[in-house]
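Report on the structure given below.
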Amino acid sequence: MKFAVKAWNNGGKARSGVLQLGSCPHNIETPALLLTTRKGLPVYIPPDHLPSLPSPDSNLLHFSPLHFLEGISLKAISNIGGLHPLLGLHDHIMVAVPRDSIISIPDHDSTNRIGASFETPCGRMLIKPADYMEMISSMRPNLWATLADEVPAWVSEKRNKASVERTLKWLDECITSNSTDGAVLGSVVGGSRVEQRRSCAQEVARRNVEGFWIGGFGLGESMEERNPLLNAVMDSLPEQKPRLISGLGLPEVLQGVAAGVDLFDSTYIYDLTLGGFALTFPLESIEKQVTKYQPNSNSGCDGTKINLKATMYRKDTSPIVDNCKCYTCQNHTKAYINHLLNVHEMLAHILLEMHNTHHFLGFFRSIREAIHQGNFQKFRQKFIGNRHEHLFSAALSV
């Protein structure tokens, strides 16, 4: 794996770079989004429609090895040659992270010094470093994060310290037993304690890893708490290695980019799609657009999305977003998706995930352009300002 920072935002930590992996024919520009998958494939998008997504932006796929605790055996996956030939996605970059906020959720109460506990479709599972490394060696991902003890924001100082000690111990065990060609991402934890975050990051930076996975976010901390935690981690990590973070949605990803994060694993698109929402905020310009607030047109009233289950779309024959190049907007209307949602057809989620993925990838492209132009801070302020304006308008209309 090769990574290089190409541009910094003026007077800030936001940066854009290029990630190159031998198995992928195209370079990946960062900041970039990892698509959420279940067993290596997007939850709703069929494999034959993956080429319709922007490439190579859509070539980064996140998966949890714990997804494969049921079904095909690890030995069978290894005999096939790993996940790439198993799924037929030879040009995609597979990134393994133990945590998955959908079906493989960390259980800090049951984790102990032996291994990390997760709530999975198979029940509560205790995963030891040796078990985890057996999964990694069988699946052969391009990048993989070491096993970590993630804790939510509200745990005690003693539990927080224990999570750091366990994560560092498991990091060393994972590195020692590693027999794969994949790049290792050292796990950084520390909960909501700045000193623990800084200490863990400094220790992980001393290890022989190709990058870093920043865990423990999206587990109860507030936006205000997150800034000093991110800064403590980023200031302790070398600039020439990529940083991956889990658990940030919208607009939290902008906070991560501003802190210097390069890769984002988020279930935001999945959550939107499952609820029947479609992203609609403009991508072409960061200029402030004043729009009249329409009751019931937006769930959350933040101006970034619409609820296509709403009756107001029953006869709307326009695409989700005018001039959008995604498969859904090129071929279908809001009225059709509204109908599919209300009769509980799975096709609704397929079309919605295709649009939302396409739109969110476009958002990351706009972020990269803003960094290259040196106006990311302006981009961030205008996006959040527009969102707050919609929320304020919604509050006045109640």
Q. Only one of (1) under 19 Å from Gly220 (Cα atoms); (2) touching a residue at least 40 places away in the same chain (Cβ under 8 Å); (3) charged (D, E, K, R) fails for Arg166. Which number is that?
A. (1)
Q | Those residues of the range 141-154 which are over 17 Å from Val188 (Cα atoms) and out of contact with any helix residue (DSSP H, G or I) (no Cβ under 7 Å at 6 or more places or on another chain), in sequence order | A | Asn142, Trp154
Q) Restricting to the range 101-148, what's the tally of residues that are farther than 23 Å from Ile77 by Cα, in a loop (DSSP other than H, G, I, E, B) and among the hydroxyl-bearing types (Ser, Thr, Tyr)? A) 3
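Conditions tested, residue by residue: (1) at pLDDT below 95; (2) within 25 Å of Tyr327 (Cβ to Cβ); (3) among the hydrophobic types (A, V, I, L, M, F, W, C); (4) out of contact with any Pro (no Cβ under 6 Å at 6 or more places or on another chain).
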site: Asp262; (1), (2), (3), (4): no, no, no, no
site: Gly276; (1), (2), (3), (4): no, yes, no, yes
site: Val290; (1), (2), (3), (4): yes, no, yes, yes
site: Asn296; (1), (2), (3), (4): yes, no, no, yes
site: Gly303; (1), (2), (3), (4): yes, yes, no, yes
Q: For the range 10-23, name all the residues that are open to solvent by 10 Å² or more (accessible area, probe 1.4 Å) and in contact (Cβ under 8 Å) with a residue 60 or more places away in the chain.
A: Asn10, Gly11, Gly12, Lys13, Leu21, Ser23
(Q) If the requirement is being open to solvent by 10 Å² or more (accessible area, probe 1.4 Å) and among the hydrophobic types (A, V, I, L, M, F, W, C), which of these qualifies: Leu219, Leu185, Leu147? (A) Leu219
(Q) Out of everything in the range 90-107 that is surrounded by fewer than 18 Cβ atoms within 10 Å (Cβ to Cβ) and under 21 Å from Met1 (Cβ atoms), what residue ends up being nearest to the chain's Cα centre (by Cα)? (A) Asp91
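Only one of Trp170, Trp213, Trp154 is aromatic (Phe, Trp, Tyr) and under 22 Å from the mean Cα position of the chain (by Cα). Can you tell me which? Full working, then the answer.
Details: Trp170 fails: under 22 Å from the mean Cα position of the chain (by Cα); Trp154 fails: under 22 Å from the mean Cα position of the chain (by Cα).
So the residue among Trp170, Trp213, Trp154 that is aromatic (Phe, Trp, Tyr) and under 22 Å from the mean Cα position of the chain (by Cα) is Trp213.
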Q: Test each condition in (1) of a type in the set (Ser, Thr, Tyr); (2) touching a residue at least 24 places away in the same chain (Cβ under 8 Å); (3) open to solvent by 30 Å² or more (accessible area, probe 1.4 Å) for Ser110 and report the one that comes out false.
A: (2)
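Need a quick list: strands (runs of 3 or more DSSP E) entirely within the range 194-279 having at least 2 residues that are within 20 Å of Ala148 (Cβ to Cβ) and not polar (S, T, N, Q).
Details: elements: 211-214, 243-246, 263-265, 277-279.
The strands (runs of 3 or more DSSP E) meeting that bar are 211-214, 243-246, 263-265.
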Q.
What's the total number of residues in the range 335-367 that are surrounded by fewer than 21 Cβ atoms within 10 Å (Cβ to Cβ), of a type in the set (D, E, K, R) and either under 22 Å from Ala32 (Cα atoms) or in contact with a strand residue (DSSP E or B) (Cβ under 6 Å, 6 or more places away or on another chain) (or both)?
A. 1
Q.
Return the residues of the range 145-163 that are free of Cβ contacts under 8 Å to residues at least 60 places away in the same chain and not acidic (Asp, Glu); say none if nothing qualifies.
A. Leu147, Val155, Ser156, Lys158, Arg159, Asn160, Lys161, Ala162, Ser163
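The values are calculated or read from the model by the stated rules, or taken from the named source; none is laboratory data. Computed from a prediction, not measured in an experiment: that's the story for all the values here. Neighbour counts are summed over all protein chains in view; Cβ atoms, including those assigned to glycine, are modelled from backbone coordinates with ideal geometry. Note: areas computed on protein heavy atoms with side chains; ligands, DNA, RNA excluded. Shrake-Rupley method; radii C 1.70, N 1.55, O 1.52, S 1.80 Å.
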